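The values are calculated or read from the model by the stated rules, or taken from the named source; none is laboratory data. Predicted model only: the values in this text are computed from it and were never measured. A quick note on method: Cβ atoms are made from the backbone with ideal geometry, for glycine too, and the neighbour counts reach across all protein chains shown. Remember, those area values only see protein heavy atoms, side chains included, never the ligands or the DNA or RNA. Shrake-Rupley method; radii C 1.70, N 1.55, O 1.52, S 1.80 Å.
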Amino acid sequence: MQARKKILIGLSLLIFILAAISVFIGVAQMDLSDPRGMMILTVSRIPRTIAALLTGSALAVAGVVMQQIVRNRFVEPGTAGTAESAALGLLAVTLIAPQASIWIKMVAASVSALIGTSIFVKMIRKLPPREVLLVPLAGIVLSGVIGAIVTWIGWQTDMMQFIATWLMTGEFSGVIAGRYELLWIAGLAAGIAFFAADRFAILGLGPEAATALGLSPRAVMRLGLAVVAVVTAMVVVSVGMIPFVGLVVPNIIARLIGDNLRAALPVTALGGGALVLACDIIGRVIVAPFEIPAGTILGVLGAGIFLWLLWRPARPSKAAAMGPTDV
Amino acid sequence: MIEIKNVSYAIGGAKILQDINTVIPKGSVTALIGPNGAGKSSLLNLIGRIEPLQTGTIDVDGQNVTTSHSGRLARTMAFLGQHTAVASRLRVSELVAFGRWPHCHGRPGPEDHEKVADAIAQFSLRGLADRFLDELSGGQAQRAHLAMTFAQDTPWVLLDEPLNNLDMAHSRILMRKLSDLRDAGKSVVIVVHDLNQAAAWADHLVAMKHGRVVVSGAPDEVLTPDWLSALYDTEVQVLRYADRPLVLSHV
Ligand SMILES: Nc1ncnc2c1ncn2[C@@H]1O[C@H](COP(=O)(O)OP(=O)(O)OP(=O)(O)O)[C@@H](O)[C@H]1O
Ligand SMILES: [Mg+2]
């Protein structure tokens, strides 16, 4: 596919440029000839850039996977109770075993994200399939309920400031070497999704069609839930949830390339990485020397893109524009 | 041969199928007929292991549909359901290629490419191969799904109302292809409402009503005024044309 190649090359170039900008801008002036400059580069700037790219890619991929397994384009881990559930798990460990290692926290966040997302999937099974907007609505309600529980416990236990960093708006100013590496696990989970791309695409045709082709819809669903839960939990634990990436990037890519995930997922991953990194850079420059969290920028930008996606006039694809061709 | 033994099926207390015992012969085109709600789709879904069996057993060429490996069953039978509308934005060629999944698991070889190209050509989809499914007419989308089922290239083909949305010409083309499959040694089971298509192309009919098999046999035995009037609770005349029954029900 010619168009896909162009988009891939374009996005790669964009990421290269954004990464270069991200490494060279910041409050501290860098002079690479001096060891202090070198340290800023390796301890702060490069990890921050990688963290933004990993977060964006993994969240975008998690968004696609979730949309395929629930067969609805309007859901993402941030609006299906996944992030709130991860935060609930994290909060529980922090309260019960404050000394627990980061690994235990990570596992707890993943497991509770998995439980929360499974509840979402069970819940929407009862909804009439034609009402496509009920699914995201149900997700928002579930997110609200779990979020309220988290907030209530947070108030009671004086943990609100932690919760704010997990759930409100993800940001990368705290990222330094040694404090973002969990995001590689998110990247790994997204990589697994790539290897199961065909399975997710077939599940997107519906459980009937998947069964007819010899797949177990339940097994594919479980794999998908695990990917979504792990990605979300790692992001919540390390930088905080970032809204809209999992929604707008997959929707744009589906428009351009379609739902053949094997072709689409690499593009989605690049798109997500570029978007989050761009938002992080914007947040760093517009009120310099202060910073606006990337999550806040995305909240505004993402909402705008999403509304545009909803209201933009439909245009036929190139193949369709060539007219009827029954041969 | 598909052997259906003592199959009953209920959804939330409602009896959908009751004690079905029948055999669908190998190497023939079998048509499931009967009024709306008779249970035809339910039975076909059970044969295609789309829904799990509750009581009774179904064997397809000796493979039990409950206990056999689903991946292996997907190389024995292809299934196309009654409701094919998908929300996925796939291109026609990509959808058809998924028909090869049971054989190649995503790593298509030359044979797989050839079968996909062949199925696309057979259903006159070559000019539409790069189109997204959501940019097709109802009949074009139905042909894309049929092409996927044909690409699967299995000894058994199960189709639930495959003539849905197809025009006269494409309906005839499809029925002829099904009889070609039969001539090539494969077996076909379809659900049809157009009894004249069944009369013209099927070798064996299974007539269902209220979740039971009312009668089964050759078209000449089943397509009689008595059986059809009882089946559909309406008066039906049957003439003969080209040595086959011709069912008149529209006036
Ligand atoms: N999910 C369901 N829940 C409850 N009842 C159902 C469900 N699906 C089907 N039924 C009922 O089961 C019966 C058989 O349905 P089925 O779809 O098998 O009929 P059919 O013979 O294929 O009809 P049609 O010709 O209209 O396609 C019907 O009475 C229907 O109302
Ligand atoms: Mg039916």
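Could you count how many residues in the stretch B:142-155 are of a type in the set (D, E, K, R) and in a helix (DSSP H, G or I)?
Let us first name the residues in the stretch B:142-155 that are of a type in the set (D, E, K, R), namely B:143, B:153.
With the extra rule that they be in a helix (DSSP H, G or I), the set shrinks to B:143.
Within the stretch B:142-155, residues that are of a type in the set (D, E, K, R) and in a helix (DSSP H, G or I) number 1.
Tally time: how many residues in the stretch A:192-216 are open to solvent by 30 Å² or more (accessible area, probe 1.4 Å) and part of a helix (DSSP H, G or I)? Give the derivation first.
Restricting attention to the stretch A:192-216, the residues satisfying the condition of being open to solvent by 30 Å² or more (accessible area, probe 1.4 Å) are A:192, A:194-195, A:199, A:207-208, A:216.
Of the ones still in play, those that are also part of a helix (DSSP H, G or I) are A:192, A:194-195, A:199, A:207-208.
Matching residues across the stretch A:192-216 total 6.
Given the conditions (1) surrounded by fewer than 22 Cβ atoms within 10 Å (Cβ to Cβ); (2) in contact (Cβ under 8 Å) with a residue 40 or more places away in the chain, which single one is not true for A:LEU277?
A:LEU277 satisfies every listed condition except (1).
Any idea which of B:ILE50, B:ILE16 is open to solvent by 40 Å² or more (accessible area, probe 1.4 Å), within 16 Å of ligand 2 (Cβ to nearest atom) and in contact (Cβ under 8 Å) with a residue 12 or more places away in the chain?
Selected residue: B:ILE16, the only one of B:ILE50, B:ILE16 that is open to solvent by 40 Å² or more (accessible area, probe 1.4 Å), within 16 Å of ligand 2 (Cβ to nearest atom) and in contact (Cβ under 8 Å) with a residue 12 or more places away in the chain.
Scan the stretch B:87-136 for residues that are over 23 Å from the mean Cα position of the chain (by Cα) and among the aromatic types (Phe, Trp, Tyr) and jot them down.
B:PHE132, the sole residue that qualifies.
Taking the condition modelled with pLDDT of 95 or more, within 14 Å of ligand 1 (Cβ to nearest atom) and of a type in the set (Val, Ile, Thr), does B:VAL7 pass? Working first, answer last.
Working: modelled with pLDDT of 95 or more: yes; within 14 Å of ligand 1 (Cβ to nearest atom): yes; of a type in the set (Val, Ile, Thr): yes.
Yes, satisfied.
To keep it simple, each residue is scored yes or no on (1) touching a residue at least 60 places away in the same chain (Cβ under 8 Å); (2) crowded, with 16+ Cβ neighbours inside 10 Å; (3) outside any helix (DSSP H, G or I).
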site: B:ASP112; (1), (2), (3): no, yes, no
site: B:ILE120; (1), (2), (3): no, yes, no
site: B:GLN140; (1), (2), (3): no, yes, no
site: B:VAL157; (1), (2), (3): yes, yes, yes
site: B:ASN165; (1), (2), (3): no, yes, yes
site: B:VAL189; (1), (2), (3): yes, yes, yes
site: B:ALA198; (1), (2), (3): yes, yes, no
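Quick check: anything in the stretch B:40-47 touching a His at 6+ places or on another chain (Cβ under 7 Å) and outside any loop (DSSP other than H, G, I, E, B)?
Among the residues of the stretch B:40-47, not one is touching a His at 6+ places or on another chain (Cβ under 7 Å) and outside any loop (DSSP other than H, G, I, E, B), which makes the answer no.
Give just the number: which of (1) more than 16 Å from ligand 1 (Cβ to nearest atom); (2) more than 9 Å from chain A (Cβ to nearest Cβ); (3) open to solvent by 30 Å² or more (accessible area, probe 1.4 Å); (4) not polar (S, T, N, Q) does B:HIS105 not satisfy?
(2)
Does the stretch B:25-32 include one or more residues that are of a type in the set (A, V, I, L, M, F, W, C), within 14 Å of chain A (Cβ to nearest Cβ), under 18 Å from the mean Cα position of the chain (by Cα) and assigned to a strand (DSSP E or B)? Full working, then the answer.
Initial filter on the stretch B:25-32 (of a type in the set (A, V, I, L, M, F, W, C)): B:29, B:31-32.
Now restrict to residues that are within 14 Å of chain A (Cβ to nearest Cβ): none.
The answer is no; no qualifying residue exists.
If the Cβ limit is 6 Å and pairs must be 6+ apart or interchain, which residue in the stretch B:68-87 that is facing another protein chain (nearest Cβ under 7 Å) and part of a loop (DSSP other than H, G, I, E, B) pairs with which residue that is open to solvent by less than 40 Å² (accessible area, probe 1.4 Å) and away from ligand 1 (no atom under 16 Å from the Cβ)?
Correct list of pairs: B:ALA74/A:LEU213; B:ALA74/A:GLY214; B:ALA74/B:PRO102; B:VAL86/A:LEU205.
Looking at the stretch B:11-54, which of its residues are within 9 Å of ligand 1 (Cβ to nearest atom), hydrophobic (A, V, I, L, M, F, W, C) and over 21 Å from B:ASP233 (Cβ atoms)?
B:ILE11, B:LEU44
Condition (residue is away from every other protein chain (no Cβ under 13 Å), surrounded by fewer than 12 Cβ atoms within 10 Å (Cβ to Cβ) and within 30 Å of B:SER93 (Cβ to Cβ)) applied to the stretch A:311-327: is it met by at least one residue? Quick ask: steps written out before the conclusion?
As a first pass, look at the stretch A:311-327 and keep what is away from every other protein chain (no Cβ under 13 Å): A:311-313.
From what's left, surrounded by fewer than 12 Cβ atoms within 10 Å (Cβ to Cβ): A:311-313.
Filter once more, so that each one left must be within 30 Å of B:SER93 (Cβ to Cβ): A:312-313.
Yes - at least one qualifying residue is present in the stretch A:311-327.
Of (1) at positive phi; (2) open to solvent by 30 Å² or more (accessible area, probe 1.4 Å), B:GLY211 satisfies all except one. Which?
The number of the failed condition is (2).
Being part of a strand (DSSP E or B) and of a type outside the set (A, V, I, L, M, F, W, C) is the filter here, so list the residues in the stretch B:209-251 that pass it.
Applying the first criterion (part of a strand (DSSP E or B)) to the stretch B:209-251 yields B:209, B:212-217, B:237-241, B:244-248.
B:LYS209, B:ARG212, B:SER216, B:GLY217, B:GLN237, B:ARG240, B:TYR241, B:ARG244, B:PRO245, listed by residue number.
Are any residues in the stretch B:73-131 within 16 Å of ligand 2 (Cβ to nearest atom) and modelled with pLDDT of 95 or more, and if so, which ones? Show your work before the answer.
Taking the stretch B:73-131 first, the residues within 16 Å of ligand 2 (Cβ to nearest atom) are B:79-85.
Hits for the stretch B:73-131 are B:PHE79, B:LEU80.
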